[in-house]
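The values are calculated or read from the model by the stated rules, or taken from the named source; none is laboratory data. Here the structure is a predicted model, which is why all the values come from computation and not from measurement. Neighbour counts are summed over all protein chains in view; Cβ atoms, including those assigned to glycine, are modelled from backbone coordinates with ideal geometry. To get the accessible areas, we keep the full protein, side chains included, count just its heavy atoms, and leave off ligands, DNA and RNA. Shrake-Rupley method; radii C 1.70, N 1.55, O 1.52, S 1.80 Å.
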Amino acid sequence: MPDQTAAPRPDVTDMYAVHGVFRDTLGSTPRLVGDCAPGDVERVALIVNYYENILSFLESHHDAEEQLVFPLLRQRCPGQAALIDLMAEQHREAVRLLEEAQNLLQAWPTGDAAAQRAAQDGLEALHAQLVDHLDQEEEKVLPLAAEHLSAEEWGALPGHGMANFHGDKIWLILGLIRERMNEEQKAAMLAHMPPPALDMWTGFGEQAFADYSAEVVVEVGSR
């Protein structure tokens with residue numbers, strides 16, 4: 001007989017949407033950064049701010065995993081210590097590349113074509129490292145989380161990520177995640193949002209995201 005008292009298992013598939021944000025936005029670096037016209041100050045500022053928010057989200061996302069997921073898996077899956085060590089080491093390498101990319105982004109608005117290329121290279125290096133890490137995490141860590149974490153423990157991740165996000169456009173992050181969710185996941189996301197966050201999203205965030213996204217992704221030839 002199944003254990004009726006066991007805590008509900010989490011649906012970890014929502015993490016695919018989060019990972020998709022990093023894969024897609026950092027994968028768009030050659031176009032969004034590389035195609036900026038020299039001297040287009042407004043466009044450069046827009047793209048720098050966009051990626052500053054993405055990198056801040058990546059920081060808070062990794063912190064949430066390190067604080068809320070990895071310790072529980074170490075405790076409950078002692079045979080997977082080497083895997084968790086590997087994931088933590090990959091996080092440290094991502095942080096190093098992330099900090100380099102942040103510094104290069106900050107230098108770009110006052111720099112020349114070389115500074116633009118350096119910012120692009122920094123983001124692409126982070127993307128290359130991150131894609132491999134995310135692939136491994138989805139293949140090996142998410143199944144462990146689904147088996148050994150409760151729904152409540154897994155559900156603490158979004159709140160931790162939002163509380164530790166230091167960008168200036170949390171609605172951008174919410175919108176990017178929601179774009180990659182199915183309708184059931186979108187509904188669950190709204191149902192579990194704290195009231196201030198829900199009011200922000202429904203009051204102006206959703207429209208702000210749509211307007212901002214249209215400005216960011218506009219094709220160079222149509223400007």
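Kindly state, as a whole number, the per residue volume in cubic angstrom of the convex hull around the alpha carbon atoms of segment 166-223.
99
For segment 62-132, state which GluC sites (Glu not before Pro) are in a DSSP loop and have at most 13 other beta carbons lying within 10 Å of their beta carbon.
none
With +1 on each Lys and Arg Cβ and -1 on each Asp and Glu Cβ, how big is the dipole of the chain about its Cα centre, in debye rounded to the nearest 20?
60
Rounded to the nearest percent, how much of the accessible area of the chain (1.4 Å probe, protein heavy atoms only) is carbon and sulfur?
Here it works out to 55 percent.
Go from 0 up to the bin containing the longest alpha carbon distance in segment 85-132, width 5 Å each, and give me the % of pairs per bin.
Answer for segment 85-132: a P(r) of 5, 24, 26, 18, 13, 8, 4, 2, 0 percent.
Rounded to the nearest 0.05, what FRET efficiency is calculated for residue 163 and residue 188 with R0 set to 22 Å and r the Cβ-Cβ distance?
With R0 = 22 Å, the Cβ-Cβ based efficiency is 0.70.
Full-extension gain between residue 67 and residue 178, please, as 0.36 nm times their residue separation minus the C-alpha to C-alpha distance.
Length gained between residue 67 and residue 178: 37.6 nm.
Average the reciprocal distances over every distinct pair of alpha-carbons in the chain, invert the result, and give the Kirkwood radius in Å.
About 18.7 Å for the chain.
Where only protein heavy atoms count, and the probe is 1.4 Å, what is the accessible area per residue for segment 107-185 in Å²?
47
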